[in-house]
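*Asks:* Quick one: this structure, given as structure tokens, is what I'll be asking you about.
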Amino acid sequence: MKTKPGGIFIAAGSNLEDRAGHILGGLRDLEAEGDVIVLQRSTLREYPPVGGPAQQPFYLNAVAELSTSLSAPELLARMHAVEARHGRVRNELHGPRTLDLDLLLYHDQVIQSAELMVPHPRMLERAFVLDPLRELAGADVVEFVRGLLAAADSKPDVGPGGAAAAEAPHMTANTAAASETVVAGRGGERSGRRPSHVRGNTAHAR
């Protein structure tokens, strides 16, 4: 199912242990408290890493669309908690990880703070993000994101912290030019969970 740009989209990646298991389990864990629904998930795609230690395993990557009443910072905190549950550690720059969850888009909000940048200023350069995002949101998402990035450039002091971050702490570990390999899943796959009520980010996407 393709949706229109303007929703809440996150990226998920893993290059350690059961990569697909961490990604799919992480999405399930996001829904566990009943205030997040995974509306759809992209195909899982494989990309080689870039940066960090040599000879890292390849990454699996996906994008999911969410429905939630959590705010962007609240959602980010939930994502960090889920990463920790899956054994994510941050002791090496661009190092391998069991699970990496990143907030890509939160409706049409532009957020720039020391903890969170939405949309990420380089997300359009990252094939491991852009390919699955277009699978869910269509080609129009590119112009949508460009418009938000232009707004961010013209308004450097926005978002919860009131100060723009000079360097985003995320979206740095996969190559943008990698040729994709579809390894699992189906584009537009829906989650079976449908919580009865929904609530609606410091992201560090690769």
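The values are calculated or read from the model by the stated rules, or taken from the named source; none is laboratory data. Note that the coordinates shown come from a computational prediction; the quantities given were computed from them, not determined experimentally. Positions of Cβ are generated from backbone atoms using ideal geometry, with glycine treated the same way; all protein chains shown enter the neighbour counts.
*Asks:* Could you grab me the full set of residues in segment 104-124 that are in a loop (DSSP other than H, G, I, E, B) and not hydroxyl-bearing (Ser, Thr, Tyr)? Let's see the steps before the verdict.
*Replies:* Going residue by residue through segment 104-124, those that are in a loop (DSSP other than H, G, I, E, B) are 107-110, 113-116, 119-122.
If the condition is that a residue be in a loop (DSSP other than H, G, I, E, B) and not hydroxyl-bearing (Ser, Thr, Tyr), then HIS107, ASP108, GLN109, VAL110, ALA114, GLU115, LEU116, PRO119, HIS120, PRO121, ARG122 are the ones that fit.
*Asks:* While we're looking at this one, here's another question. Give me the pairs, please: first residue somewhere in segment 47-68 and of a type in the set (Asp, Glu), second residue anywhere and not in a loop (DSSP other than H, G, I, E, B), beta-carbon distance under 7 Å, and either six or more positions apart or on two chains.
*Replies:* Pairs that qualify, where the first residue is of a type in the set (Asp, Glu) and the partner is not in a loop (DSSP other than H, G, I, E, B), are GLU65/ILE8; GLU65/PHE9; GLU65/LEU39; GLU65/GLN40; GLU65/LEU136.
*Asks:* Then there's this: Restricting attention to segment 86-136, report how many residues are within 16 Å of ASN15 (Cα to Cα) and of a type in the set (Phe, Trp, Tyr).
*Replies:* 1
*Asks:* Still on this structure, I have one more. Take GLY95 and tell me if it is at pLDDT below 95, over 24 Å from ASP29 (Cβ atoms) and small (Gly, Ala, Ser).
*Replies:* Working: at pLDDT below 95: yes; over 24 Å from ASP29 (Cβ atoms): no; small (Gly, Ala, Ser): yes.
It is false that GLY95 is at pLDDT below 95, over 24 Å from ASP29 (Cβ atoms) and small (Gly, Ala, Ser).
*Asks:* Then there's this: For segment 1-103, give me every one of the strands (runs of 3 or more DSSP E) that falls completely inside it and has 1 or more residues that are among the hydroxyl-bearing types (Ser, Thr, Tyr) and crowded, with 23+ Cβ neighbours inside 10 Å.
*Replies:* Passing ranges, in order: 8-14, 44-47, 59-68.
*Asks:* Does segment 45-61 include one or more residues that are farther than 19 Å from GLU115 by Cβ and within 13 Å of the chain's Cα centre (by Cα)? Spell out how you get there, then give the answer.
*Replies:* Going through segment 45-61, the residues farther than 19 Å from GLU115 by Cβ turn out to be 45-61.
Going one step further and asking which of them are within 13 Å of the chain's Cα centre (by Cα), we end up with 60-61.
Within segment 45-61, one or more residues are farther than 19 Å from GLU115 by Cβ and within 13 Å of the chain's Cα centre (by Cα).
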